[in-house]
Number of protein chains: 2
Amino acid sequence: MPDLCLKSAYAVGMQTPEPTLADVAARAGVSVATASRALTGARPVSDTLHRKVRDASRELGYRRNAVASALRLQRTETVGLVLPRYTTGFLSALIESVSDGLERNDLSLVLRYSEPDALHDVGNVESLMARRVDGIIICPSSLEASQESIEAAGPVPIVQVGRFVITDRSDSVGLDEDRATQMLMAHLVERSARRVLVVGLDPDAPADARRIRALRGAAEGAADVDVAPFTAAVLDGGIRAAERLVAAGPGALPDAIVCANDDVASGVLAVLRMRGIAVPGRVQVASLLDLSPGREDLTVTTLRHPWPEMGREAVRLLLDAQQSRREPGAERIARRVSLAPQLVPGHSTRDRTVPTAPDSKETP
Amino acid sequence: MPDLCLKSAYAVGMQTPEPTLADVAARAGVSVATASRALTGARPVSDTLHRKVRDASRELGYRRNAVASALRLQRTETVGLVLPRYTTGFLSALIESVSDGLERNDLSLVLRYSEPDALHDVGNVESLMARRVDGIIICPSSLEASQESIEAAGPVPIVQVGRFVITDRSDSVGLDEDRATQMLMAHLVERSARRVLVVGLDPDAPADARRIRALRGAAEGAADVDVAPFTAAVLDGGIRAAERLVAAGPGALPDAIVCANDDVASGVLAVLRMRGIAVPGRVQVASLLDLSPGREDLTVTTLRHPWPEMGREAVRLLLDAQQSRREPGAERIARRVSLAPQLVPGHSTRDRTVPTAPDSKETP
DNA sequence: GACGTTTCTGCAAACGATTTCCAAGGAGCC
DNA sequence: GGCTCCTTGGAAATCGTTTGCAGAAACGTC
């Protein structure tokens, strides 16, 4: 096959001519069909030829062209991930775990961000469809307008994660925040908290209001739940709220303080420690949202949002849907998986076995 | 063309048969060639046919098959991004800006993570090459072993970002930390700091040692730079260091405290405020590393690492390299862009126009 | 030795869009 | 009117891989 050699030698410009399967086959002295079968193992090939092909492939530095392969197989081995922009700090753990899950199955990840203004979602899904991805994982950027982005996926499996647009077209994996919030309150009540103060939540924000309701619901008469005047949910907000509280005198101190997140809790802890108020002896402190799941310093009792698990679960649902799409059997039913944030006990709440210890030392 | 219709109608299973260009052409009553030309605008098409084709395309909900297109054009309109795992918190801003830059140029992003153990990098690049990406942006996971991952890219443009393996094969965009560190020191000296204390840096860690050197170099006799005994570079470390300092008596107080990062600075600030030490009146506080670039509370003067700009710059270099690769002109020369972290003045250092104000109020 | 039966190989046709090459038609010019 | 030039449309080749089909070879059994 002299023409093949010709092609290899005189490729455009001076670029290395990326070798093709035909080149490998020519070098091994077999047909392309055989070369393909030897490399993919799709059908048995005699030992001699198998070795010949493998050697030729290695010598030429052959790399299977995934594009051509995808065209022929009608399968790109690629999954699209669509996320809302401006929230990445939170979502990076999700990206990482999704990527990890896909890699284990030899799938590639193509990532797209949607502007918060919503119907970007549809465009992103459309664009992924044009790339013929095998599946899509999406965190809808708008609960109203993202409905049609789910539909745009047509027949390819799509999984929603983190947030959830009502539809029977897609599986989804979500967060069971209510349950987690309740668990946290139970944790405190169990440790004999009777007066609980909430810091850093804004009763006027619907999401925060819901959290407050969940806390009150879980207290259910076993404890009083007060809400401190709203201060920003950052470190400084925690500091300000705690200072105000301390200034109000020892009688104003609650048994436990529930903070919006770890930053707020850090601020509160710093003030309490400095004023010599024992934690968790006199006051217990807990946080509703772990901001840096990476760290392992168990300073503050917190709720860890299971982003890694959510990513894993999303990938699992997706692969499962792909699989069952091949077998034309029964109609698929949309599945919903809810994961609860995990309660991670830290040194800022008491050890359960130890009852109130008024003279306990400061946390180390 | 009855067979085309047949194909459309009797596609595999019950799946919607994704329409092809042939379907569109058939419906519009033209050849595929004309249909392609009408949609891509590669060559002029008469108005009548143009409209017909566009209508047919819309009616069928046609989506250009990017895979087939890529195969024919030898161009995937896709860029690979390779990042080290376990550092995403920091890198998420980078991902976002790279993604944004690519989107503006109608390029897709495929993301891969390398384990810290290094030669994963090579595998990731290889895999991206198999997908025939048009370019690669990589943050090398190992300064020793990642050399060959650059070479694995062969003729496709590759840009290093954040970290840098020496090679003449790739452009790179890096961080000019020394310059930024010096700027911060100059900022303090300008504001009449004469005794500076460094908190949260570990002289035994090479990177920290380098920062200390840079600070001393910039002080250059204009100020004394002391290093506090190492405490962990977290909020708590800042608190401990500051308490020790305050306990040593008012004479021990420096004019300015430079902290390893914002968390440390927060701890220091909390202690100073509580002990009634005026900031920035008595002591100024600054941080070498902004941990949460999203927030805009200008509490502490800090160095903001320009991840978004780095991403933008990386994309720019990549596109530029692609462009100049087409014109077979002169040999490409590797370019290196250095960006300095940006000094963001906050309320923890003085206003330059106002000289020392011994009775200034606490920061709000 | 003849005749199934298995095991391999190779040819050629997909996959779907783009582009080159050709041909036909119309406009413009002498 | 005859010529060229320009525009427009279609047939077919191309990108690189996989696979249905058919032929060939090897093997076993009677």
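The values are calculated or read from the model by the stated rules, or taken from the named source; none is laboratory data. Keep in mind it's a predicted model, so treat the numbers as computed, not measured. Quick reminder, even Gly has a Cβ in these numbers, built from the backbone with ideal geometry, and neighbours come from all protein chains shown. Only protein heavy atoms, including side chains, enter the accessible area calculation; ligands, DNA and RNA are left aside. Shrake-Rupley method; radii C 1.70, N 1.55, O 1.52, S 1.80 Å.
Some points to look at:
- Take the Cβ atoms of A:ARG51 and B:GLN74, set R0 to 25 Å, and the FRET efficiency comes out at 0.20.
- The magnitude of the dipole of the range B:178-305, with charges of +1 and -1 set on the Cβ of Lys/Arg and Asp/Glu and taken from the Cα centre, is near 260 debye.
- Relative to the Cα centre, the charge distribution of chain A, modelled as +1 at Lys and Arg Cβ and -1 at Asp and Glu Cβ, gives a dipole magnitude of about 1020 debye.
- Antiparallel DSSP beta bridges within the protein assembly as shown, as percent of all bridges there, nearest 5: 10
- With kT/(6 pi eta Rh) evaluated at 10 °C and eta = 1.306 mPa s, and Rh the Kirkwood radius from Cα pairs, the range B:253-320 diffuses with a coefficient of 117 µm²/s according to Stokes-Einstein.
- Using alpha-carbon coordinates, inclination of helix A:47-60 to the longest axis of chain A, degrees: 70
- Rounded to the nearest whole Hz, the Karplus-based 3J(HN,Hα) values (6.51 cos²θ - 1.76 cosθ + 1.60, θ = phi - 60°) of the range A:208-220 follow the sequence 5, 4, 4, 5, 4, 4, 4, 4, 5, x, 6, 5, 6, with x at glycine and proline.
- With label points defined 7 Å past Cα in the direction of Cβ, position B:ASP204 shows copy-to-copy spacings of 5.2 nm, given to one decimal and shortest first.
- Carbon-plus-sulfur accessible fraction, chain B (probe radius 1.4 Å, protein heavy atoms only): 54%.
- ³J(HN,Hα) computed for each position of the range B:300-313 - Karplus, 6.51 cos²θ - 1.76 cosθ + 1.60, integer Hz, glycine/proline x: 10, 5, 8, 9, 8, 6, x, 4, x, 5, 4, x, 4, 5
- For the range B:34-72, residues shielded by at least 30 square angstrom of accessible area compared with the chain on its own, probe 1.4 Å: B:ARG63, B:ASN65, B:ALA66, B:VAL67, B:LEU71
- Per-residue ³J(HN,Hα) for the range B:260-266, Karplus 6.51 cos²θ - 1.76 cosθ + 1.60, θ = phi - 60°, Hz, x for Gly and Pro: 4, 7, 5, 4, 4, 4, 4
- Highest-fluctuation residue, B:THR78, B:THR231, B:THR48 considered, GNM on chain B with Cα pairs under 10 Å: B:THR48
- Separation in nanometres of the label points that stand 7 Å from Cα toward Cβ, at B:ARG64 and A:ALA130: 0.6
- Sequence-distant residues sharing a close amide H with B:VAL337 (under 5 Å, placed H): B:SER172, B:VAL173, B:GLY174
- Taking the Cα centre of the range A:56-170 as origin and assigning +1 to Lys and Arg Cβ atoms and -1 to Asp and Glu Cβ atoms, the resulting dipole is close to 540 debye.
- Other residues lying with their Cβ under 9 Å from the Cβ of B:MET129 contribute a combined charge of +1, Lys and Arg counting +1, Asp and Glu -1.
- Rounded to 5, the percent of DSSP beta bridges in chain B classed as antiparallel: 10
- Legend: calculated FRET efficiency, A:PHE90 to A:LEU119, from the Cβ-Cβ distance at R0 = 30 Å, rounded to 0.05, equals 0.85.
- The helix-based estimate of mean residue ellipticity at 222 nm for chain A, built from -39,500 (n - 2.57) per DSSP H run of four or more residues and divided by its residue count, is -13000 deg cm²/dmol to the nearest 500.
- Label-point distances for B:GLY249 to the equivalent site in the other copies, using a point 7 angstrom along Cα→C-beta, read 3.8 nm when ranked shortest first.
- Residues A:SER338 and A:ASP224, FRET efficiency given R0 of 22 Å [Cβ-Cβ distance, rounded to 0.05]: 0.15
- Coarse-grained scattering of the protein assembly as shown at q = 0.09, 0.12 Å⁻¹, given as base-10 log I(q)/I(0) from a Debye sum over alpha-carbon atoms: -0.95, -1.38
- Remark on A:ILE137: its backbone amide H falls under 5 Å from those of A:GLY80, A:LEU81, A:VAL82, A:VAL159, a criterion applied only to residues 5 or more positions apart or on other chains, H modelled at 1.01 Å from N.
- Label point of B:ASP351 (7 Å along Cα→beta-carbon): distances to the other copies' equivalent points are 5.3 nm, sorted ascending.
- Coil-residue GluC sites (Glu not before Pro) of the range A:94-167, DSSP, other Cβ within 10 Å capped at 15: A:GLU144
- In this simple spin-label approximation, B:ARG169 and A:ASP204 carry label points 7 Å from Cα along the Cα→Cβ vector, and these lie 5.8 nm apart.
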